[in-house]
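Enquirer: Take this structure first; my questions come after.
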Amino acid sequence: LGAGAVRRMVYCLMRAIPAEWIFRRLDGLAHMAAGRPTRYVRILTFPTPRGRPFGYRREWYEDTADIEFEGMLFPGPRDWDGYLSYKFGDYMTLPPPGQRHWHPVSKFRLPAGM
């Protein structure tokens, strides 16, 4: 079997698992860990940078400040340099052209008054 066939089989098996069952398990894991004074936290939908097995420092999510970006204020980690360095390494230096990745552009509009 090729890699594509194996991948399709895995996806077919995963589709058979009810979403509600998965959500209950994730909720159970979150409740087990709630309130524990850990130095690092994990976010299931936000991958940990390669080579960083423990997650993100808790203080980056608890000690926040308004940060200006393109004329608007957004909440972010007060230690934004530490966070960006942890996530991207030398985030101020562009990678060589062959190692750059682009992301599709999305535009979101929030309702008035938000």
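The values are calculated or read from the model by the stated rules, or taken from the named source; none is laboratory data. Bear in mind the structure is a predicted one, so any value in this text is a computation, not a measurement. As a convention, Cβ positions derive from the backbone with ideal geometry for all residues, glycine included, and neighbour counts pool all protein chains shown. Keep in mind that these areas ignore ligands, DNA and RNA; they rest on the heavy atoms of the full protein, side chains included. Shrake-Rupley method; radii C 1.70, N 1.55, O 1.52, S 1.80 Å.
Enquirer: Could you point to the label whose value was computed as mean projected area of the Cα convex hull in nm² for the structure here, given (i) 6.8; (ii) 8.1; (iii) 12.3?
Expert: Recomputing mean projected area of the Cα convex hull in nm² here picks out (iii).
Enquirer: Can I ask one more? Quick one: which residues, 5 or more positions from T64 or on another chain, have an amide H under 5 Å from its amide H? H modelled 1.01 Å from N in the peptide plane, none for Pro or chain starts.
Expert: Distant-sequence amide H within range of T64: R78.
Enquirer: Across all directions of projection, what mean area in square nanometres is found for the Cα convex hull of region 34-82?
Expert: If you wrap the Cα atoms of region 34-82 in a convex hull and average its projections, you get 4.5 nm².
Enquirer: Quick one, could you list the DSSP H helices from the chain stretching 15 Å or more along their long axis (Cα atoms) with average Kyte-Doolittle hydropathy of -1.0 or above?
Expert: Taking the DSSP H segments of the chain (at least 15 Å long, mean hydropathy at least -1.0), we get 3-15, 19-33.
Enquirer: Carbon-plus-sulfur fraction of the accessible area of the chain, 1.4 Å probe, in percent?
Expert: Roughly 62 percent of what the probe reaches on the chain is carbon or sulfur.
Enquirer: Loop only by DSSP, 10 or fewer other Cβ within 10 Å of the Cβ. Give me the GluC sites (Glu not before Pro) in region 39-114 that pass, ordered by residue number.
Expert: E70
Enquirer: What distance in nm separates the two pseudo spin-label positions at W102 and L1, each 7 Å out from Cα along the beta-carbon direction?
Expert: 3.6
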